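The values are calculated or read from the model by the stated rules, or taken from the named source; none is laboratory data. Nothing here was measured: the structure is a model prediction, and the numbers come from that model. Reconstructed Cβ throughout: ideal geometry from the backbone, glycine too, with neighbour counts over all protein chains shown. Only protein heavy atoms, including side chains, enter the accessible area calculation; ligands, DNA and RNA are left aside. Shrake-Rupley method; radii C 1.70, N 1.55, O 1.52, S 1.80 Å.
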Amino acid sequence: MGLRERKKAQTRQRIADTAHRLFGERGFQQVTVAEVAREADVAEATLFNYFPTKEDLFYSGLEEFGARLVEAVRQRPAGEPALVAFRTFLLGEAEQLDRIANDQVALEHASANARVVLASPALQTRERQVLAGIATALAGALDGRTAGPVRHAVANALLGVHTALLDYARERLAAAESPRTIAADVRAHTVEALALLEHGLGNFPSGTADRLG
């Protein structure tokens, strides 16, 4: 990555981090885009170049999560089923809740943001759009010789596990439950849910079929 690209990535991350902090401190509705731009030391026009809407600011972390998830599935070792790579990634991500447990400020922000989503139909709509985009990208990371509708069905089945557990963790965070307990339960439910899918998806794709790059 060149210097220009690194600076753009740093600016984008600074804007996103600033927005997440402000949303956690004061709530999504109470924070304006102008305030985020001012706190991040960028012009509003610059902010909108990176995040076209306020909802995009809120969900930048979910989009980054999706990109890492898709890359983990795409780059899995030859012959490894997509479900195995997916499970490994999700279980690793559950550790984020353990890290939050050791940071009181991060925990307060996460709990506040969970409550914000549960109370905002607009954010819930944007979240569904983001998740749909992740599912489409995930389908592209699966076996390229499998029919498109089948790949999309598999991607949506896998991502459905994450979506269900995201909702589950969010409701418990909003209720101020222990993040360590939530993390342990999320890991257990992830294993259980994917085990239920494994009879049908455990060997998908079979053999060493080529994957889309």
- The residue that is farthest from PHE23 (Cα to Cα), considering only those in segment 84-105 that are open to solvent by less than 40 Å² (accessible area, probe 1.4 Å) and under 17 Å from the mean Cα position of the chain (by Cα), is ALA85
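Okay, residues lined up against (1) outside any helix (DSSP H, G or I); (2) among the polar types (S, T, N, Q):
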{"site": "GLN30", "(1), (2)": "yes, yes"}
{"site": "ASN49", "(1), (2)": "no, yes"}
{"site": "GLU71", "(1), (2)": "no, no"}
{"site": "ASP98", "(1), (2)": "no, no"}
- Looking at this structure, is GLY144 over 26 Å from LEU57 (Cα atoms), open to solvent by less than 40 Å² (accessible area, probe 1.4 Å) and of a type outside the set (D, E, K, R)? yes
- Residue among GLU108, GLU55 that is touching a residue at least 12 places away in the same chain (Cβ under 8 Å), part of a helix (DSSP H, G or I), within 25 Å of ARG180 (Cα to Cα) and of a type in the set (Asp, Glu): GLU108
- Conditions (1) modelled with pLDDT of 90 or more; (2) open to solvent by 30 Å² or more (accessible area, probe 1.4 Å); number of the one not met by HIS162: (2)
- Note on the structure: Picking from VAL186, VAL150, the residue that is part of a helix (DSSP H, G or I) and open to solvent by less than 20 Å² (accessible area, probe 1.4 Å) would be VAL186
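Whether any residue in segment 8-15 is open to solvent by less than 80 Å² (accessible area, probe 1.4 Å), of a type outside the set (S, T, N, Q) and either closer than 22 Å to SER120 by Cβ or in contact with a helix residue (DSSP H, G or I) (Cβ under 7 Å, 6 or more places away or on another chain) (or both) is what I want to check.
Scanning segment 8-15, I find at least one residue that is open to solvent by less than 80 Å² (accessible area, probe 1.4 Å), of a type outside the set (S, T, N, Q) and either closer than 22 Å to SER120 by Cβ or in contact with a helix residue (DSSP H, G or I) (Cβ under 7 Å, 6 or more places away or on another chain) (or both), so the answer is yes.
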